[in-house]
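Beneath this line is the structure, given in structure tokens, with notes to follow.
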Amino acid sequence: MNTPSSGANAAAESLSEETVDALVRAQQGAAPVQSAHRHESLLSSRAANIKQSAVRDVFEISMQPGLVSLAGGNPYLQSLPLDRLAATASAIISEHGLEALQYGGGQGTLELRTQICQVMAAEGIVGADPDNVVITAGSQSAQDVAAKVFCNPGDVILLENPTYVGALNTFEAYEVDIQPVAGDEHGLIPDELRSTIARVQGEGKTIKLLYTIPNFNNPSGVMLAPERRQEIVDICREANILVLEDNPYGLLKFDGVLPQPLRAANPEDVLYLGSFSKIFAPGLRIGWALVPAHLKQRYYLASEAVTLCPPTFNQLLVSEYLNKYDWQGQIATYRELYAQRCAALLGALDEFMPEGVSWTRPEGGFFVWLTLPEGIDTYPLLYKGIDAGVVFVPGAAFSADDGPSNKLRLAFSAVPPEALREGVKRLAPVLASALGEL
């Protein structure tokens, strides 16, 4: 395998020292952060489970000039009315500055929590009570609070494999036992969930949560089949497992025909996470948890203990956006834009990819998931990808398993169609070479 120190890779040699370090970390599979200092003995055992994110490292790499980045799952903010939003932000400060810049309630403003219930109604959750909504710093914070409230060290969290790397990092920090559940092109497999629960419980372990992204899973782009949805919840209910449903991409189904969220018919058995990061702006860090009523107070107090209160200014800006802008029209714009880019990426894959490589064909969201033959590790291909002028995220970043992965993730959301085609054109020979070495 080529490394920066070997001098075998011209592209790697031209990278900054920080980026080379990031690439080395990425190839090591996001190993735990290493340190050697006199305070080492003061660190908790939990701190040893906090890992450097391989996805963040690849983002650093992708900033290098001349590279086509198919790595970052960023929304395309250029389609937002930025000038008008600037005027709105200015008006909030000038007209409501004392409120906007002051501490706020720990649960979030009532206005925004009420509006979030309207957003969830568009997603298929009707009749939600604003009192059961807790505003969080994106859904990432909501995952953290859930792990803190429900899990003791050694407790089990089930999650679909592959899954969101941020959730993996969050859960591992709480010293839980992460157990993956297999899926297919239709999402989480109910029989696999049953067998995993039986095996884990047979080992005497306590399962607390099932974490799932049923709509356009990050990284696979797969959507959980409608006929499996209630069955998944029923299986968990019978085993007294709370379902943690993360749905940041749900409104971004290309045809606008949305599947029913797991939470819709199961208010007591599903803790639902939402976010404005994909449908408005991730920099505002505003998400939410719709918590079963009997669990809300514990969840809210734990959230307040971390953030004290969600940022008031950001909440007011989101409220103004929902009140005075055509936010559903903006989502329709996103759907059309992302559908075009997804089609461009899939078309390029059809055109350039060598035989032996397969991929998902998502109906929404941001990602396409590639599978190479068994025996190929996609982490070492990062150097060759950089040499060819393209960056992706290796599949091992999205799995709790420590072993190599023959998968990789491509993101289309922030990349123009012509750049998507060029990126795939650059990537194809890299994968073809790896196939030839089998």
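Annotations for the structure displayed:
- Whichever residue in the stretch 266-283 is farther than 29 Å from Thr333 by Cα and assigned to a loop (DSSP other than H, G, I, E, B) and, among such residues, is least open to solvent (accessible area, probe 1.4 Å): Asn266
- Unmet criterion (only one of (1) of a type in the set (A, V, I, L, M, F, W, C); (2) modelled with pLDDT under 95; (3) under 21 Å from the mean Cα position of the chain (by Cα)) for Ala305: (3)
- Residue match in the stretch 210-227 (condition: among the hydroxyl-bearing types (Ser, Thr, Tyr), touching a residue at least 24 places away in the same chain (Cβ under 8 Å) and in contact with a Pro (Cβ under 8 Å, 6 or more places away or on another chain)): yes
- Helices (runs of 4 or more DSSP H) fully within the stretch 4-103 counting 1 or more residues that are open to solvent by less than 40 Å² (accessible area, probe 1.4 Å) and at pLDDT below 65: 10-13, 17-27, 54-62
- Within the stretch 286-324, the set of residues being part of a loop (DSSP other than H, G, I, E, B) and open to solvent by less than 20 Å² (accessible area, probe 1.4 Å) comprises Ile286, Val291, Pro292, Pro310.
- Elements of type strands (runs of 3 or more DSSP E) contained in the stretch 110-227, each with 3 or more residues being under 18 Å from the mean Cα position of the chain (by Cα): 156-161, 177-184, 207-212
- Criterion: under 21 Å from the mean Cα position of the chain (by Cα) and under 30 Å from Asp83 (Cα atoms) - qualifying residue of Leu337, Leu322: Leu337
- Positions within the stretch 229-252 being of a type in the set (D, E, K, R) and surrounded by fewer than 19 Cβ atoms within 10 Å (Cβ to Cβ), in sequence order: Glu231, Asp234, Arg237, Glu238
- The set of residues in the stretch 353-383 being part of a helix (DSSP H, G or I) and either hydroxyl-bearing (Ser, Thr, Tyr) or open to solvent by 50 Å² or more (accessible area, probe 1.4 Å) (or both) consists of Tyr383 alone.
- Among the residues making up the stretch 391-427, those that are buried (at least 24 other Cβ atoms within 10 Å of the Cβ) and part of a strand (DSSP E or B) are Val391, Val393, Pro394, Leu408, Arg409, Leu410, Ala411.
The values are calculated or read from the model by the stated rules, or taken from the named source; none is laboratory data. What you see is a predicted model; the values in this text were computed from it and never measured. Note that we place each Cβ from the backbone using ideal geometry, even for glycine, and neighbour counts take in every protein chain shown. Keep in mind that these areas ignore ligands, DNA and RNA; they rest on the heavy atoms of the full protein, side chains included. Shrake-Rupley method; radii C 1.70, N 1.55, O 1.52, S 1.80 Å.
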